[in-house]
Amino acid sequence: MTTLLEVSGVSVSFDGFKAINNLSFQIAEKELRAVIGPNGAGKTTFMDIITGKTRPEEGRVIYGDRAISLLHMSESSIAQAGVGRKFQKPTVFEDQSVADNLLLALKKNRGPFSVLLFKASRDDQTRIEELASEIGLESALRRKAGELSHGQKQWLEIGMLLAQEPKLLLVDEPAAGMTPAEREHTTDILREAAKTRAVVVVEHDMEFVRRLDCRVSVLHEGSVLAEGSIDHVTQNQKVIEVYLGR
Amino acid sequence: MTDATLASGLRRQPLALRFPSVLVFLAALGLFTIAVTILSDGLGLGVISTSFIKTLGKTLCLCLVALAMDLVWGYCGILSLGHMAFFGLGGYAIGMWLMYARTELIVIESLKAAPLPATPQEISDGIAGQIFGVVGASEFPPIWAFAHSLPLQLAAVVLVPGLLALVFGWLAFRSRVTGVYLSILTQAMTLALSLHLFQNDSGLRGNNGLSGLQNLPGLDDFPQSTVSLWFFWASAIALGLGYIICAWIVSGKFGSVIRAIRDDETRVRFLGYPVEGFKLFIFTLTAVLAGIAGALYYPQAGIINPAEMAPIASIYLAVWVAIGGRGRLYGAVIGAAFVSLLSTWFTGGQAPNINLGFYTIQWVDWWIVLLGFSFVAITLFAPKGIGGLVDIFIDRKSPNRFGADLGPDPGALREQEAEK
Ligand SMILES: Nc1ncnc2c1ncn2[C@@H]1O[C@H](COP(=O)(O)OP(=O)(O)OP(=O)(O)O)[C@@H](O)[C@H]1O
Ligand SMILES: [Mg+2]
């Protein structure tokens, strides 16, 4: 399978503290990957680098079949190139309806002038209804997103990501604050999404990761400590020491 | 599922249905205009004096610039403290033509008495002498190059504020200046502009400003009572159109994006929207609206000078919008009309002074203190402003709990509560 994203030799430091240290990482076009690691391992920073929020001091980030470098692109052009991101704490637009939130995310021309003249077509409406039922919010389309529960907001954000139709989906702790049933549904959605795109999931909950049933990368002190199947990494002595043993 | 059950951005309905306040507003504005015309000195019963017609017309212009302020601040979250500078620039642009054209007529008239017909050079020198005598100059500064042409100066009303906003906004937004730093930057721009205009060699007559703007060149036959009505109508039309444009923008997907920028700019970037482009669009558009409002205001005021563009003026504008209720278009209009009319009343010496025995409260001095207190009180206790009263009136309570669960179980929405 062809590689979609290749991160190599990337380092970032904050005030002298190396948050990411010579990190290398690869993911194929249709692959589901879990990233685990202790608090402060650099998982969120790793996503910041890919999405253009944080600029690394060294290293390369190559993306897509045309092998473009993401390092000099703005956040919005990286997103337009097909990188979608879900943040650690759910960020939806609370003041706007669920439908408006989904419409904002729907894959469309993002320029100010085309947005100004935009009119939702029948297809767009249907698509939004589909997405809403996929995330169990079909009856809440007109509700303000601020009225939703924490779990529902996580759903909405996942729905917004799907609406973006990204080629690479970066998901930071999607299951936080969800009930067991909701978690199960989330794993289903993520696995389904990974059939057509690359998905990177950061998660602490080992049960959740096990259910994802995919390759796992363990991050520690800003670099990859181990990589492989869940059974492989959980038996790794170093991983047990720094992460599981505690 | 039908259209009606979907959200604003999805409904394909006429603007008036998507944004009901448009109809109410236009109807109210229309009735107001007709009523004032009927009661006016110029065409009607003579109940309202010409000077009060001018005050009302000016108030409509202030409502228009408040609308612009609401769009840029209330909807897009950019607290610009420089929009009155754009307002002033619009006023100067039209003022230059008014002053030039009128002086030209006067000069031609006076040269008629001379034995030889006047040459164009003599006429031009005559006009320059008349206009710039007060600042000790007798030649036209380069910025007056187009002052003879009404169409070009009208274009300047739109282009000068628009281009300034475009350049300033591009520099500021591109370097991601936000929040209070951006507000300070806009104040600095305003201060620099007004200090520049205060200088005699600014080419705009320094602190004398431009005057006599109430006289329309060549239309001396029409009394001020009639002219004042023309400007009143023009201001009403401009406000109505401005309201429609703003409503159209905020009710569609564009409005959804700028409100999202206001609430979480970073998130909008990660959705792929070029945030800077959206901000620049709104900043420039509102600067143009402010310029147009200024161009209608100053012919009614009769005079414009750099003090009008002092930084404090833009701060007042923000206060009006805050008191009226930002984030709703009619709120801005109500705030501007209410506070500016009240201010005219207090500072005009009409408000009765309060004698406390040991001290007399002179409203001319104390009005500003009262305004300050009202602003603080509204910010603290009624952040929705006067416009928030409408919510009580039409019983539209939105349960805005910012994330807290609505029901006993996490995520369970209590129907009645959410519907209200
Ligand atoms: N902007 C920043 N400035 C300074 N230090 C930072 C910054 N961002 C992250 N860090 C530091 O970098 C390290 C890695 O942080 P990061 O958020 O990537 O960890 P994480 O693996 O996502 O942790 P968690 O599991 O708690 O979410 C932490 O020690 C953090 O304090
Ligand atoms: Mg993190």
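The values are calculated or read from the model by the stated rules, or taken from the named source; none is laboratory data. On a predicted model such as this, the values are computed, not experimentally measured, just so you know. As a convention, Cβ positions derive from the backbone with ideal geometry for all residues, glycine included, and neighbour counts pool all protein chains shown. Just the protein is used for accessible areas: all its heavy atoms, side chains included, with ligands, DNA and RNA removed. Shrake-Rupley method; radii C 1.70, N 1.55, O 1.52, S 1.80 Å.
Do we have B:ILE261 as open to solvent by less than 40 Å² (accessible area, probe 1.4 Å), under 22 Å from A:ALA120 (Cα atoms) and more than 7 Å from chain A (Cβ to nearest Cβ) here?
For B:ILE261, the condition - open to solvent by less than 40 Å² (accessible area, probe 1.4 Å), under 22 Å from A:ALA120 (Cα atoms) and more than 7 Å from chain A (Cβ to nearest Cβ) - is met.
Within 14 Å of chain A (Cβ to nearest Cβ), closer than 26 Å to B:SER251 by Cα, at pLDDT below 90 and within 22 Å of the chain's Cα centre (by Cα), is that true of B:LYS384?
yes
For the stretch B:188-211, give me each residue that is touching a Ser or Thr at 6+ places or on another chain (Cβ under 8 Å) and open to solvent by less than 40 Å² (accessible area, probe 1.4 Å).
Selection gives B:THR190 alone.
Spot the failing condition for A:VAL171; the list is (1) more than 16 Å from ligand 2 (Cβ to nearest atom); (2) farther than 21 Å from A:GLU129 by Cα, and only one is missed.
Checking A:VAL171 against (1) more than 16 Å from ligand 2 (Cβ to nearest atom); (2) farther than 21 Å from A:GLU129 by Cα, the one that fails is (1).
So, B:TRP230, is that one aromatic (Phe, Trp, Tyr) and open to solvent by 40 Å² or more (accessible area, probe 1.4 Å) or not?
Yes: the conditions hold for B:TRP230.
Working only within the stretch A:40-56, note down all residues that are open to solvent by less than 60 Å² (accessible area, probe 1.4 Å), within 16 Å of ligand 2 (Cβ to nearest atom) and within 14 Å of chain B (Cβ to nearest Cβ).
A:THR44, A:MET47, A:ASP48, A:ILE49, A:ILE50, A:THR51, A:THR54
State yes or no: is A:VAL239 within 16 Å of ligand 1 (Cβ to nearest atom), surrounded by 15 or more Cβ atoms within 10 Å (Cβ to Cβ), assigned to a helix (DSSP H, G or I) and away from chain B (no Cβ under 13 Å)?
yes
If you check B:LEU62, B:LEU71, which single one turns out to be touching a Cys at 6+ places or on another chain (Cβ under 8 Å) and crowded, with 24+ Cβ neighbours inside 10 Å?
After applying the criteria, what remains is B:LEU71.
Out of everything in the stretch A:66-92 that is assigned to a loop (DSSP other than H, G, I, E, B) and among the basic types (Lys, Arg), what residue ends up being surrounded by the most Cβ atoms within 10 Å (Cβ to Cβ)?
It comes out as A:LYS89.
Looking at A:LEU5, A:LEU103, which is the one that is within 11 Å of chain B (Cβ to nearest Cβ), more than 16 Å from ligand 1 (Cβ to nearest atom) and open to solvent by less than 20 Å² (accessible area, probe 1.4 Å)?
Going through A:LEU5, A:LEU103 in turn, the sole match is A:LEU103.
Being crowded, with 19+ Cβ neighbours inside 10 Å, within 16 Å of ligand 1 (Cβ to nearest atom) and either within 30 Å of A:LEU103 (Cβ to Cβ) or in contact (Cβ under 8 Å) with a residue 12 or more places away in the chain (or both) is true for just one of A:ALA198, A:ALA175, A:ALA193. Which residue is that?
Result: A:ALA175 is the single residue among A:ALA198, A:ALA175, A:ALA193 that is crowded, with 19+ Cβ neighbours inside 10 Å, within 16 Å of ligand 1 (Cβ to nearest atom) and either within 30 Å of A:LEU103 (Cβ to Cβ) or in contact (Cβ under 8 Å) with a residue 12 or more places away in the chain (or both).
Restricting to the stretch A:5-39, and then to whatever is among the small types (Gly, Ala, Ser) and part of a strand (DSSP E or B), can you tell me which residue is farthest from ligand 2 (Cβ to nearest atom)?
Of everything passing the filter in the stretch A:5-39, A:ALA28 is farthest from ligand 2 (Cβ to nearest atom).
Could we say that A:VAL200 is within 16 Å of ligand 2 (Cβ to nearest atom) and among the hydrophobic types (A, V, I, L, M, F, W, C) here?
In short, yes.
Okay, residues lined up against (1) in a loop (DSSP other than H, G, I, E, B); (2) open to solvent by 30 Å² or more (accessible area, probe 1.4 Å); (3) not small (Gly, Ala, Ser):
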{"position": "B:ALA236", "(1), (2), (3)": "no, no, no"}
{"position": "B:VAL268", "(1), (2), (3)": "no, no, yes"}
{"position": "B:LYS279", "(1), (2), (3)": "no, no, yes"}
{"position": "B:PHE283", "(1), (2), (3)": "no, no, yes"}
{"position": "B:ILE292", "(1), (2), (3)": "no, yes, yes"}
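Kindly evaluate A:ARG143 against the criterion of being facing chain B (nearest Cβ under 8 Å), closer than 30 Å to A:LYS238 by Cα and touching a helix residue (DSSP H, G or I) at 6+ places or on another chain (Cβ under 7 Å).
Answer is no for this residue.
Looking for whichever is modelled with pLDDT under 70 and of a type outside the set (A, V, I, L, M, F, W, C) here; the options are B:GLY349, B:GLY403. Which one fits?
Going through B:GLY349, B:GLY403 in turn, the sole match is B:GLY403.
Just checking, how many residues over the stretch A:16-52 are on the phi > 0 side of the Ramachandran plot and within 8 Å of ligand 1 (Cβ to nearest atom)?
Qualifying residue count, the stretch A:16-52: 3.
B:GLY272: within 11 Å of chain A (Cβ to nearest Cβ) and either buried (at least 19 other Cβ atoms within 10 Å of the Cβ) or in contact (Cβ under 8 Å) with a residue 40 or more places away in the chain (or both), yes or no?
Yes: the conditions hold for B:GLY272.
Looking only at the stretch A:77-95, filter to residues that are more than 8 Å from every other protein chain (Cβ to nearest Cβ) and within 16 Å of ligand 2 (Cβ to nearest atom); which one of those is nearest to B:VAL250 (Cα to Cα)?
A:PRO90
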